[in-house]
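Have a look at the structure below before the remarks.
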Amino acid sequence: MTFRNLLRHARYALTAPPRSVVAVTQSRDYRVLINAVLAGCVGLLAWFLAFLAVLGAFRGIFYPLIDDDSYAQSWGGPTLAGAWAVHALAVFLVPVFGLAIAAIGILQLRLARRLLDRSGPIWPVPFAVVLLIGGLFFFVSWLHQAQ
C-alpha cells in the first residue's frame, strides 16, 4: 500500500461522519441506516484519534510551556531537558495514529461493500461493533483520567 493510498483512506475516514448523515436522510433502507450509523460512529472514532495525535504532538513539543514546574514527577524528570526530550517523543506517534486512521477508512469501505453491495466478507460488521465498544471505553477513560 502506498503513502498516497494511506492518505486517501485516512481522508475517507475523517469525512465519513458527514456523509453518513446525508445517507440516512436520503434512504429508508435498513442496510443504508446500519452502514451510516456504523461508519459514522467509526468515523467519529477516527476524529478522536486525530485529535489525540494533534494534542500529543503539540503537548510534546511545547511541554515546558504547557505544564507546571513539577518536572521531578513527570516522565523524563527530574530535569526540564529530560522531561522535554521524553515528551517530544510523542511526535513520533503521529504516524502511528495516521496508520490507525487509514485502517479505519479501510474498515469503512469494507463496511459499505458488505452492507450496501452485499459482497465481501462479513467480518467488518462485528469488527466495527467491537471497535466502537472499545473506542467508547477508551474515550470515557480518557475523559476521566484527570479526576
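The values are calculated or read from the model by the stated rules, or taken from the named source; none is laboratory data. Only a predicted model underlies this, so the values are computations on that prediction, with no experimental measurement involved. Positions of Cβ are backbone-derived with ideal geometry, glycine not excepted, and every protein chain shown enters the neighbour counts.
Listed by position, the helices (runs of 4 or more DSSP H) contained in segment 79-147 that have at least 2 residues being closer than 13 Å to Asn35 by Cβ are 94-116, 124-143. Taken together, the residues in segment 15-43 that are among the hydrophobic types (A, V, I, L, M, F, W, C) and modelled with pLDDT of 75 or more amount to 9. Pairs are defined by a Cβ separation below 8 Å, a sequence spacing of at least 6 or placement on different chains, a first member in segment 19-42 that is under 18 Å from Asp117 (Cβ atoms) and surrounded by 15 or more Cβ atoms within 10 Å (Cβ to Cβ), and a second member that is basic (Lys, Arg) and at pLDDT below 80; the pairs so defined are Ala39/Arg19.
The residue list Ile133, Ile122 contains one member that is under 15 Å from Ala46 (Cα atoms), over 12 Å from the mean Cα position of the chain (by Cα) and exposed (fewer than 15 other Cβ atoms within 10 Å of the Cβ), which is Ile133.
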